[in-house]
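Nothing in this text is a laboratory measurement; each read-out follows from the coordinates by a stated rule. This is a predicted model, so every value here is computed, not measured. Cβ placement follows ideal geometry from the backbone for every residue including glycine, while neighbour counts extend to all protein chains displayed.
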Amino acid sequence: MVLKQVHRFTMKRYMRLVYYEIFKVQPSLLIALVVTALVSLFLTLEGSFEISERQMFIMYILGVFLPILIALLTNSWLMKERDGHTATFACSRVNLGVLWLRRLLLSFFTVAFFMFALLGIMNHLIPGLFPPIFALTLLVQALLFSVIMALFSALSCSTTVGIIAGLFIWVILYFWSPSLYTLFGPRYFPFLEWAIYFRYEAPISALLFNKLFYAIICFLLLAITFCLHQRNRQVERFSRH
Amino acid sequence: MKIFLRSFTAQWKLFVWDKVNWLFSLLVLVVALVTNPISELPETTALGYIENIARITGYIACLLFVILYLRFFLNETEKGHNHLWSRNVFGDDYLILKAGVGIAGFLTLISPTVCLTFILSVAFFGIANALNAIWVWVIILLPPVCFVISICSLIGLLINHILVASGVIIIYLGFVLTRPVDLGNLLIFMPTLQMNSALIGFGPETEMLIYQRLFYVCVALFLLMIAFLVTDLRLPRVKTKHSWNAVAAISILSLASLFLSVFWGKKLIDLQHLRSVEPNFQTRQNLRSVCSHFQSYRLYLELSADGAIASGLAEVELSPGRDISALSLLNTGLAVDRFEVRDGDPIRIELQYHGRFVVPYYAYSVYSLPKEIEQIGYAPGAYLEKNLIFLQKLGEWHPYALCSPDEITLILPADITINYNSADTESIDGDMRRLQWQQASDHILLIAGAKYQIEEQEKDQIYLSPNPGLREEDRNEQYGTFFRLVWQNLYDAEGSGSTLIPLPLIKQSYWESEASTLIIPERSRQIDYIWPDDMAKYSENVAMDVLLSWWCREQHCPDLAYGLFSRGSDIDCSYEKSEEASGDKEDDTSSLPLLYYAALKLVEEAEVSGFDHEALLESYSLLLKNEATSIYSPFRFTPKNVETLIRLNNFDAQYGSEAFWDLLLKAFDKSNGGWIEGEVLLELIDTLPEQSDGVETGT
């Protein structure tokens with residue numbers, strides 16, 4: 001049986017919650033973002049590379065590797081409770097679907113803030129290095145892999161299954177990227193920002209369609225995952241053991 | 001030991017009973033089946049099939065296994081396992097137990113893939129070939145898995161957080177795995193092999209592959225030893241006093257693995273230096289101009305049983321006033337022992353050398369290389385290993401590689417099987433065989449040591465690799481057909497008693513006329529790239545290769561071979577560009593449409609399904625009128641080439657096949673270095689019918 005209590009949400013409580021969720025629940029996300037920022041800034045300032053090489057390397061990090069890293073880290077946020085056998089406690093205060101969505105949104109606000117800041121600094125150091133819209137578009141593939149992992153985790157009630165499934169899809173997309181690009185073109189290529197600066201030389205005009213397409217997929221998967229979590233299967237499964 | 005084995009079994013059961021781990025097994029199986037469909041098995045070899053599956057399994061498995069192994073490795077370090085850590089034995093054996101179970105667990109999880117692959121290999125290639133290819137699994141897959149387990153153990157211990165540790169390792173592995181570099185790079189733990197031959201296996205890459213694998217096994221052991229050192233610091237165990245024996249054993253193992261890592265790494269880098277050399281075009285150009293000043297060039301070569309050059313001696317007599325001291329093109333694996341110049345008329349030069357022949361990377365790379373490298377063909381001109389010895393007349397196994405030797409004496413162990421040789425004299429003295437060539441005219445001097453199966457077809461002989469697949473049989477049939485057709489059309493003979501020999505590494509066929517032997521490339525990137533998607537186009541390529549071997553039989557013309565197979569897939573663009581640039585001085589490539597048209601005639605005569613001669617020529621006519629925009633062509637056509645092709649077609653239509661083949665023979669007589677001038681060819685087209693029949697031309 002799931003108990004629910006109504007709490008008054010003051011701004012102070014809300015800020016404390018945000019602080020808790022960002023800094024206490026998953027500090028590794030912040031560490032990963034800081035490390036990524038340092039590496040990207042180092043590459044921006046590294047004079048031995050041509051500008052085009054720097055653009056390619058930075059997009060390789062931000063567009064290909066960062067999404068899977070973010071997905072890996074965010075996937076454990078809700079599962080933390082399940083793996084630690086404390087989902088029942090969390091569930092007594094808030095619906096697991098809401099808890100998952102809240103954490104996911106908070107993490108993506110953090111990542112978005114980071115992207116804006118990072119691209120802002122990089123563009124300040126080398127004007128015109130990247131289009132500012134990348135701060136938003138880069139979030140899409142990060143969200144995509146996060147939602148794929150979350151969906152499989154919710155379906156299987158196992159963090160590891162989610163990670164393996166997400167990682168597998170990423171590996172397939174990444175290793176077969178030349179074939180994918182040839183087959184489907186830039187409009188459906190999942191790592192488009194990288195492809196723009198890589199040898200594919202994808203047209204930037206494909207960005208809008210590409211991101212809209214993947215954003216729709218993301219929201220679809222997000223809705224399914226939310227519904228799955230709302231059924232509190234984590235707790236039910238746990239209580240059966 | 002008993003306790004260790006019991007713990008090992010218990011841990012292995014824990015690992016294997018975890019249902020999540022079998023998801024990994026399923027994914028690996030799916031990827032193996034999807035990337036190597038059963039329908040394509042007849043087109044490959046057992047070695048190629050298993051190497052491909054092992055490599056893809058390795059790529060996918062190494063990344064996914066990180067998650068499973070770290071989860072398993074750090075399982076007992078989480079809360080709730082204090083009772084286990086209270087026992088000293090558990091802490092003592094923890095690392096070795098986890099690493100061992102990691103390897104055993106990995107093998108268990110990939111066993112469905114291995115079993116299925118093995119069953120398919122037995123079904124398609126026979127039990128002997130399937131068993132022979134098992135070592136490929138071991139050599140390709142085990143070192144990277146050991147490396148991944150070691151690095152995961154070390155990073156897992158240091159970070160002690162599954163997600164962060166797996167994120168760090170996956171980023172590192174993902175970055176390293178997609179680097180487009182070859183075997184010699186020390187970072188690459190999962191190499192992509194360029195060579196895969198039914199006759200010589202991984203061929204020139206075998207030695208590097210072995211060094212690379214040994215390097216990674218030693219690195220894995222060294223990382224594990226470092227992990228041992230940090231176990232006391234990072235594991236929640238009761239600290240105990242270590243015995244001196246254990247400390248000494250760990251220290252010795254650490255030092256030994258470090259030393260061996262450096263040793264194998266150094267050997268790998270040294271070999272990579274030898275292998276990564278590129279052709280010296282300046283020296284080649286200078287040498288080519290000096291060859292004509294050689295009054296005599298004699299070679300004496302002694303090979304050991306493993307194919308190494310035990311002793312080589314080149315004696316040159318040179319017109320005075322020439323200096324060839326800096327013109328040696330000797331292979332980088334060979335060392336010069338003595339270089340002596342005796343002045344006089346003529347100048348006498350002696351160069352003595354020995355060593356192991358190293359095939360450079362550019363000579364067998366499957367990737368496209370710069371035009372000037374592609375144009376020189378298989379420049380090393382030899383392969384000297386235990387399982388195959390072959391020598392081309394012109395090659396880097398002798399110092400003045402582009403000059404044709406007047407006399408060659410080769411001594412090799414008598415027990416090496418001679419598959420083919422063009423020697424003038426042959427004798428056996430004790431346990432050594434002596435072969436001698438005087439003014440050798442054939443391109444290929446010797447093929448020995450290969451385990452060919454010889455198939456007799458009427459009077460013809462076809463050499464097959466030890467495990468010929470359907471692909472090899474189809475290819476031989478195609479080559480055999482076109483070989484016969486060339487004989488029929490050009491010599492009005494059946495070409496009976498001919499021999500077909502596939503040879504690895506070479507890039508074009510060789511027509512050894514005296515012996516009626518066609519030596520064909522075992523696998524050629526330029527010829528086979530279209531296989532098996534379009535049989536008609538593939539037949540065109542084979543016909544062109546056979547014709548080219550006939551055309552180049554008395555001269556060395558790899559640049560023509562490059563020109564003929566330079567692929568004109570972007571003809572729609574190049575045609576326009578060439579037209580714009582037609583005013584500029586450009587190379588005369590008139591041999592190309594002539595040989596191409598002759599090849600089209602052969603394909604038409606062979607009645608290859610899907611080939612429509614008229615439709616193809618019609619599309620070229622439209623291209624000339626700018627009414628067609630895109631057309632497949634084996635090489636880059638210039639407008640001049642298209643025009644020549646159409647004129648050849650008109651000529652053929654008007655005067656018939658016999659006149660065309662006569663034209664080809666006449667054109668061959670007028671060619672120089674494989675190339676014929678466009679004007680000469682057009683003059684032949686216009687005047688030949690008049691000369692032969694007195695028939696008025698109306699083209």
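Here are some notes:
- On Cα atoms only, tilt of B:2-17 relative to the major axis of chain B in degrees: 60
- Per-residue mean of foreign Cβ neighbours for A:164-170 is 5 (Cβ atoms of other chains, 10 Å radius).
- Listed residue pairs exceeding 32 Å between alpha carbons, taken from A:Lys12/A:Lys211; A:Lys211/B:Lys19; B:Lys267/B:Lys386; A:Lys211/B:Lys537; B:Lys19/B:Lys239; B:Lys507/B:Lys625: A:Lys12/A:Lys211; A:Lys211/B:Lys19; A:Lys211/B:Lys537; B:Lys19/B:Lys239; B:Lys507/B:Lys625
- Remark: C-alpha extents of the protein assembly as shown on the principal axes read 110, 73, 56 Å, sorted largest to smallest.
- Look at the stretch B:166-177: the mean tally of other chain Cβ atoms within 10 Å of its residues' Cβ atoms is 4.
- Highest mean packing comes first when the peptides B:618-626, B:314-322, A:194-202 are listed by Cβ atoms within 10 Å, giving A:194-202, B:314-322, B:618-626.
- Note on the protein assembly as shown: dipole from Cβ charges, positive end direction compared against B:Tyr420, B:Leu29, B:Met208; the farthest Cα belongs to B:Leu29.
- The simple Förster model, with R0 at 56 Å and r as the Cβ-Cβ distance, assigns B:Ser296 and B:Thr240 a FRET efficiency of 0.10.
- Other protein chain Cβ atoms within 10 Å, averaged over every residue that makes up A:57-69: 2
- Per-pair calculated FRET efficiency, R0 = 25 Å: B:Gln285 and B:Ser404 via Cβ, rounded to 0.05: 0.90
- The stretch B:281-451 - convex hull of alpha carbons, volume per residue in Å³: 116
- The loop-placed trypsin sites (Lys or Arg not before Pro) in the stretch B:230-305, going by DSSP, that have at most 13 neighbouring Cβ atoms within 10 Å of their Cβ come out as B:Lys239, B:Lys241.
- Distance in nm between pseudo-label sites at A:Tyr14 and B:Ser111 (7 Å out along the Cβ direction from Cα): 5.8
- Each distinct pair of alpha carbons in the stretch A:11-240 adds a 1/r term; the inverse of their mean, the Kirkwood radius, is 18.5 Å.
- Ranked by how many other beta carbons lie within 10 Å on average, peptides A:204-214, B:112-122 from highest: B:112-122, A:204-214
- 45 Å tail of the calculated P(r), chain B, as % of Cα pairs: 35
- Listed residue (B:Leu95, A:Tyr200, B:Leu384) projecting farthest to the positive dipole end of the protein assembly as shown, Cβ model: B:Leu95
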